[in-house]
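Asker: Have a look at this one.
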Amino acid sequence: MAELKDSHIVEIPVDEEHQQKQQLCMITAAIQNHPLTEISTSPGHYLLLKLWQREEDLFNRRISSKESRMDSIKRELFQLCCFLFIFHGLFLTILFTSSDAAANTNTCKKWWIPSLVSISTSLVFIFLVQLKLFRYWKVSKQLQRERNDNRALIRCIQELRMKGSTFDLSKEPQCAKRMKSSSVEIKWKPITWFSQYLVTFSLVCFSGLIFPASKFMLCG
């Protein structure tokens, strides 16, 4: 019988040091060709990137400040509405109590006095609410412009980081949504205005319903 000889596979060891050098060269070449490296070697592009980053930080601060201001105005509006409802609740309670305690003939003739007090107080609160709403929507429009400008700036920063030294230094951030659908805004402006000041209309209707309540309580 013929002896079976084991077959051996001879593995040729790869030079690990040479392989590591190749990988290091590839990484170095990739870093050198990276857009951020090109920007760091170009004074103009590097300065532009720093200026835009600083401007982005200013945008974020202004946006945060306006958001805080809008939240503060919301709280003030809520407080004004609560004060108005509390006033009318106490006013009607006192009016109802006084109408039972006094003679109907005397109180009915002076029904316009509490009604005048009610409507005057309501107008003061409505004026304050309208003023707060006007400020709120004014800040809201400013906030929207800040956000649009910030988005345009962020897009330019990202484009600069991707293109590197090939980026056009004369390019400036432009907001594409600033003049968007002006005809649609004009067409729906009354509906938009009504929705923005819905709180004022609601308070006016509420005050109109409260105004004749004095006569009904005193003369009913």
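The values are calculated or read from the model by the stated rules, or taken from the named source; none is laboratory data. Just so we're clear, the structure is a prediction, and the values are computed from it rather than from any experiment. Cβ placement follows ideal geometry from the backbone for every residue including glycine, while neighbour counts extend to all protein chains displayed. For the accessible areas, the whole protein counts, side chains as well, though only heavy atoms, and no ligand, DNA or RNA atoms are used. Shrake-Rupley method; radii C 1.70, N 1.55, O 1.52, S 1.80 Å.
Asker: Between residue 46 and residue 82, what is the FRET efficiency for a Förster distance of 35 Å, r being their Cβ-Cβ separation, to the nearest 0.05?
Answerer: The computed FRET efficiency comes out at 0.05.
Asker: Can you give the FRET efficiency for residue 194 and residue 216, using 1/(1 + (r/R0)^6), R0 = 35 Å, r = Cβ-Cβ distance, to the nearest 0.05? Can you show the working numbers first?
Answerer: On the way: r = 30 Å, r/R0 = 0.86.
Efficiency at R0 = 35 Å is approximately 0.70.
Asker: Rounded to the nearest 10 Å², what accessible area does residue 71 have for a 1.4 Å probe in the complete protein model?
Answerer: It works out to around 80 Å².
Asker: How high is the FRET efficiency between residue 130 and residue 155 when r is their beta carbon distance and R₀ equals 25 Å, given to the nearest 0.05?
Answerer: After rounding to 0.05, the efficiency reads 0.05.
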